[in-house]
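Here, each number is a calculation from the coordinates, and none is a lab measurement. Predicted, not measured: the structure shown is a model, and the values here were computed from it. Here the Cβ positions follow ideal geometry from the backbone for every residue, glycine too, while neighbour counts run over all protein chains shown.
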Amino acid sequence: MSGKVTRRRFVRGVSSAFAASAILDLPQRTVMANHEKKVRLAFVGVGNRGTGLLKTLLNLEGVEVNAVSDIRRAHLERAQRLAEAKQGKRPVGYGEGPEDFRKLVLRSDLDAVIVATPWEWHTPMAVAAMKAGKYAGVEVPAALTVDECWELVKTSEETGVPCMMLENVCYFRDMLLLLNLVRQGVLGEMLHCEGGYQHDSRAGCFDDKGNFDDPQASDRGLGQLWYTPHTVRRNGNLYPTHPIGPIAQYMNIERGDRFTYLVSLSSKSRGLNLWVENKFGPAHKNARLNYALGDINTTLIKTHSGCTVVLYYDTQSPRPYDLGFRVQGTRGIYEMAKDSIYIEGLSPHEKWEAIETYREKYEHPLWRTLGAAAQKHGHGGSDYVTLHQFVKAVRERNQPEQDVYDAATWSVISPLSEKSVAQGSAPVEFPDFTRGKWKTRKPLEISS
Ligand SMILES: NC(=O)c1ccc[n+]([C@@H]2O[C@H](COP(=O)([O-])OP(=O)(O)OC[C@H]3O[C@@H](n4cnc5c(N)ncnc54)[C@H](O)[C@@H]3O)[C@@H](O)[C@H]2O)c1
């Protein structure tokens, strides 16, 4: 399901006037006319992340937000106010319970729906959006189980409606620079990459009483308490998409190569018990709770062509934030921790060079175009670039650069790593979500 979204596949299920007239096999003149139309969006979930994305999105040209859904009245109204202040029109609110998004997606004045709710809701919401003919832009990870990954793929294939997981680390300035270096062959043929989500998140796991079951706590701005139950029942890499997104792009995963299997192991679990004990005393029930999640998970992946990947998930120990990328090919190596690169024949013999040395020549074209506007927005500007690329795909009726196969393949690492950990680090095979198309799918346009 690569390339343009065909008229037949897209019209099925599409309700909006914009979509019906903006199919890419129409003559160029028609497409140009549609560029002048606004891309009409809705947000589902406007907590911390959704509100950040909304603020960024409202700075893009040619967009309007027509509807917002959130189960918390305060969050919903905050989003409505923000959008109204910027665009002069108040989006319609959907706040009548957790299933109200199903009414929202049926609106005829929407082209796309952005989902930034807790993880359990990502697949049901993206699927509902696609079935209603709306592009789905879904936060990370897009799915929690192998079945959900398949559901996303099958729904997108059957409806012809794209789904983009909004993996913003792919659009970090340095990650794009690396992508350009890889594509220009400067690092040679890819061999090995490492990366991790290594972020001390303990403070966000509990409210001001050391609990995570108070439904009102998130109204008081106390962390992502919906996350904590995952640490109680799951053990693996729960958040792999930030590091694997760029790595998969460097390695052309699902576009010439594919992940074949992984093995995963977790350390013992200490961090959350110690956090609660230190803050609220040893008698607190959550100081003695049995957290399934090991403090440091390490997952190793092999690709069909013979590349290797190491991923870390490390969120409940004291440590500075670090994505820890290492990108290594037959001609050289980049290491994020050193902010340095070494390229055989270019760098002084066995001496690291600052990555800045290569900035001017190899800055990614996307960053050259969007960087100035992007950099005042979240995550070093990558949130702006992510939304820009999503909106561009919707406007042009194209597949987004990160398509549904990427969403499934990057997200499935979580359930596969859990299975491997549970089986004593046994190898677990990746499903082939493309059903063989990975052999002939072309590398990303962004990458060429
Ligand atoms: N890409 C990134 O860099 C990044 C950063 C932070 C968070 N995230 C992702 O964003 C998502 C949200 O995280 P957050 O920190 O904003 O959490 P949050 O708790 O602050 O926000 C979630 C919002 O969803 C609402 N919600 C829950 N169920 C709902 C339902 N059924 N219908 C409508 N609204 C519902 C909640 O009321 C809340 O306002 C998570 O999936 C997280 O992984 C991504």
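Net charge around residue 127, counting only other residues with Cβ within less than 14 Å of its Cβ (Lys, Arg = +1; Asp, Glu = -1)?
Details: positive: 102, 131, 134, 154; negative: 99, 120, 147, 148, 151, 157, 158.
Net charge around residue 127: -3.
Our coupling estimate for segment 107-122, obtained by passing each phi through the Karplus curve with A = 6.51, B = -1.76, C = 1.60 and θ = phi - 60°, is 4, 8, 9, 10, 9, 8, 10, 9, 10, 9, 9, x, 3, 4, 8, 4 Hz, Gly and Pro reported as x.
For the peptides 379-389, 292-302, 79-89, the ranking by mean Cβ contacts within 10 Å, running from highest to lowest, is 379-389, 292-302, 79-89.
Beta bridges assigned by DSSP with both partners in the chain are antiparallel in approximately 55 percent of cases. Counting neighbouring beta carbons within 10 Å and listing from fewest to most, the residues 441, 72 come out as 72, 441.
When the Gaussian network model of the chain links Cα atoms closer than 10 Å, the mean-square fluctuations of 269, 317, 347 top out at 347.
Note on segment 200-245 and segment 106-161: Cα centroid distance 23 Å, given to the nearest whole angstrom. Assuming charge only on the beta carbon of Lys and Arg (+1) and of Asp and Glu (-1), the dipole of segment 307-390 about its Cα centre is about 140 debye to the nearest 20.
Between 66, 168, 290, the residue with the greatest mean-square fluctuation in the GNM of the chain (Cα pairs under 10 Å linked by springs) is 290. Taking amide H as placed 1.01 Å from N in the peptide plane, residue 317 has its amide H under 5 Å from the amide H of 201, each at least 5 places away in sequence or on another chain. Projecting the Cα positions of 211, 156, 365 onto the charge dipole of the chain (unit charges on Cβ atoms of Lys, Arg, Asp and Glu, taken about the Cα centre) puts 156 furthest along the positive direction. Over 25 Å between Cα atoms, which of 338/419; 268/419; 338/392; 268/338; 86/376 qualify? Pairs exceeding the cut-off: 338/419; 338/392; 268/338.
Under 13 Å from the Cβ of residue 388, count the other residues' Cβ atoms, weight Lys and Arg +1, Asp and Glu -1, and hand me the total.
Values: positive: 392, 395; negative: 61, 383, 396, 401.
For residues surrounding residue 388, the net value is -2.
So what is the calculated 222 nm ellipticity per residue for the chain, using -39500 (n - 2.57) for each DSSP H run with n of 4 or more, over all residues, to the nearest 500 deg cm²/dmol? Result for the chain: -10000 deg cm²/dmol, rounded to the nearest 500.
Please give me, ordered by residue number, the GluC sites (Glu not before Pro) of segment 309-371 that lie in loop per DSSP and have at most 16 other Cβ atoms within 10 Å. Counting only loop positions with at most 16 other Cβ atoms within 10 Å, the GluC sites (Glu not before Pro) in segment 309-371 are 344, 350, 363.
For segment 149-288, give the magnitude of the charge dipole about the Cα centre (Cβ charges: +1 Lys/Arg, -1 Asp/Glu; no others), in debye to the nearest 20. Mind showing how you got there, number by number?
Details: 15 positive and 16 negative charges, 107 e Å.
Approximately 520 debye in magnitude.
Neighbours of residue 354 by Cβ distance under 10 Å: Lys/Arg scored +1, Asp/Glu scored -1, total -1. Start at zero, step by 10 Å, and the Cα-Cα distances of the chain spread as 4, 20, 30, 27, 14, 3, 0, 0 percent across the bins. Largest GNM mean-square fluctuation among 242, 230, 75, using the chain with Cα springs under 10 Å: 230. The peptide list 187-196, 400-409, put in order of mean Cβ contacts within 10 Å with the highest first, becomes 400-409, 187-196.
With θ taken as phi - 60° and the Karplus curve 6.51 cos²θ - 1.76 cosθ + 1.60 applied, the whole-hertz 3J(HN,Hα) list for segment 55-69 is 4, 5, 4, 5, 8, 7, 6, x, 10, 9, 9, 9, 7, 9, 10 Hz, x standing for glycine and proline. As I understand it, the dipole of the chain uses +1 on the Cβ of Lys and Arg and -1 on the Cβ of Asp and Glu, about the Cα centre. Which of 303, 142, 398 lies farthest toward its positive end? Working it through, the farthest residue towards the positive pole turns out to be 398.
Under 16 Å of direct C-alpha separation, and excluding same-chain neighbours fewer than eight residues apart, residue 279 reaches these aspartates and glutamates: 200, 207, 208.
Each residue of segment 409-414 was assigned a 3J(HN,Hα) from its phi angle through the Karplus curve 6.51 cos²θ - 1.76 cosθ + 1.60 (θ = phi - 60°); the sequence is 5, 6, 6, 5, 4, 4 Hz, with glycine and proline shown as x. Highest mean packing first, where packing is the average number of other Cβ atoms within 10 Å per residue, the peptides 427-438, 151-162, 411-422 line up as 411-422, 151-162, 427-438. Of the residues 172, 195, 340, the one whose Cα sits farthest towards the positive end of the charge dipole of the chain is 172 (charges of +1 on Lys and Arg Cβ, -1 on Asp and Glu Cβ, taken about the Cα centre).
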